[in-house]
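Student: Structure incoming, see below.
The values are calculated or read from the model by the stated rules, or taken from the named source; none is laboratory data. What you are looking at is a predicted structure, and each value in this text was computed from that prediction instead of being measured. Here the Cβ is made from the backbone with ideal geometry for all residues, glycine too, and neighbour counts use every protein chain on show.
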Amino acid sequence: MKRTRDRGVALLLALLVLVILVVVIMQMTASSLHNRTVAENHLADLQNSYGARAGYARAVLYLQADAEDKPDVDSLLEPWAMPIEFDLGRSHVKVTIADAERYLNLSQLVNDKGEQNPPVCDQLRRLVKILHFTPDIADRIIDYIDADSKGEFEAKAKNDRLYNLEELLRIDGITPEIVYGGLINGEPRKGLREFLTIWPRTSTDASAPATPAAPVVTPGTTSSAAGTSSSLTNINTASSVVLQSLSDLMTPVIADAIVAYRTQPGPDGKPQEFGQVDDLKRVQGVSDGLFNELNGKITVKSSTFEIRCRGTVGKVEKTWVYVVQRKAGSPSGTPPADPSTAPAPSPSAAPTLTLIGSQMLNDFASIKAPESPR
């Protein structure tokens, strides 16, 4: 009987040891798989980071080539406006370039003192109306950004410019559907974000000193360097909605006609573009009164570009947005002391591209990143 009891105890101990070994092995396996996933995610993230940098470098080459070939006009017909895709190692890189002049710039709602800029504030109110949102949406955004505390929606206001467009969601009364679009009261609506930018983060005050141009720098943390820029809209790239927001006289029919003009074949059979602001008079419906009101608000060239680079390895994605500002080059050489001995004027230097900002938009590991709204 004692021997049978001893055998039973031994069997229980053996089973206990076996269970412990199984648990330990399972834990080691889980830990090993976890460490492997972390290492793979880290490697994929690193590859995506280099992919984004490579995308930025390639986009800069496109913009530099465009500045040399067509320095006076920027349109959606040019190579820089087309998506760029390539593979760098395991990372699939997608790059899009969009000029800031096609959007309404929320940073221009105020000057550097935080005071409201009435023309841009009025344009935002028109934009909100065109998108069929309630008028208070524009006032909520303006009160959130301007420096004063006199508005109706000053509660929790930042009283400073936005860091990114997602910050709109912090404003009371502004929902994701208003920012990104979606169903509102059962009706599909476009969101504000599709028509907005925050670049350049500079004042429209013409008396503000401009920052000298700097060479293109390696992308990294956000830079605040930027020159003074006016809030002009490029009629070669702006959407019909943004064009409508420029004036109460701009009807949807006229705005659509402007957009259609950019895709119609010209005398040479190729799609045409606005070579100068006066070309806008060729569009049917653009009266002298409308043109005079738009004159000073519009342009046919762009100077600020948002470069969006997304690297993807499996389910790991990383997206960076880099913002560069293009400025015309200055004549090379130093002026001589004696003007009478001055040589013939030298050609202007090539335009320079200055990195004025960079932001990481997402950093996802092992989950699919949402598609960018723009």
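Student: Kindly indicate whether any position in the stretch 125-134 is out of contact with any helix residue (DSSP H, G or I) (no Cβ under 6 Å at 6 or more places or on another chain), touching a residue at least 24 places away in the same chain (Cβ under 8 Å) and charged (D, E, K, R).
Tutor: yes
Student: All but one of (1) of a type in the set (Val, Ile, Thr); (2) closer than 30 Å to Thr354 by Cα; (3) not in a loop (DSSP other than H, G, I, E, B) hold for Thr202; which doesn't?
Tutor: (3)
Student: Do we have any residue at all in the stretch 251-260 that's at pLDDT 95 or above, hydroxyl-bearing (Ser, Thr, Tyr) and surrounded by 15 or more Cβ atoms within 10 Å (Cβ to Cβ)?
Tutor: Looking for residues that are at pLDDT 95 or above, hydroxyl-bearing (Ser, Thr, Tyr) and surrounded by 15 or more Cβ atoms within 10 Å (Cβ to Cβ), one finds none in the stretch 251-260, hence no.
Student: Still on this model: For the stretch 245-282, how many residues meet the condition of being in contact (Cβ under 8 Å) with a residue 12 or more places away in the chain, in a loop (DSSP other than H, G, I, E, B) and farther than 18 Å from Leu131 by Cβ?
Tutor: Qualifying residue count, the stretch 245-282: 6.
Student: Could you list, ordered by first residue, the pairs with Cβ atoms under 7 Å in which the first is in the stretch 148-159 and under 16 Å from Asn117 (Cα atoms) and the second is small (Gly, Ala, Ser) and surrounded by 10 or more Cβ atoms within 10 Å (Cβ to Cβ), at least 6 apart or interchain?
Tutor: Asn159/Gly114; Asn159/Ala147
Student: Checking the condition closer than 20 Å to Gly357 by Cβ and surrounded by 15 or more Cβ atoms within 10 Å (Cβ to Cβ), which residue from Leu162, Leu192, Leu127 passes?
Tutor: That would be Leu162, the only listed residue that is closer than 20 Å to Gly357 by Cβ and surrounded by 15 or more Cβ atoms within 10 Å (Cβ to Cβ).
Student: Name the residue, out of Ser239, Ser223, that is among the polar types (S, T, N, Q) and either under 20 Å from Thr354 (Cβ atoms) or modelled with pLDDT under 85 (or both).
Tutor: The conditions single out Ser223.
Student: Select from the stretch 124-156 the residues that are part of a loop (DSSP other than H, G, I, E, B) and within 17 Å of Tyr180 (Cα to Cα) and write down the one among them that is nearest to the chain's Cα centre (by Cα).
Tutor: Ranking the candidates gives Leu131 first.
Student: Any idea which of Ala98, Ala14, Ala30 is aliphatic (A, V, I, L, M) and in contact (Cβ under 8 Å) with a residue 40 or more places away in the chain?
Tutor: Ala98
Student: With the checklist (1) within 22 Å of Asn234 (Cβ to Cβ); (2) out of contact with any helix residue (DSSP H, G or I) (no Cβ under 7 Å at 6 or more places or on another chain); (3) crowded, with 18+ Cβ neighbours inside 10 Å; (4) at pLDDT 95 or above in hand, flag the one item Leu61 doesn't pass.
Tutor: (3)
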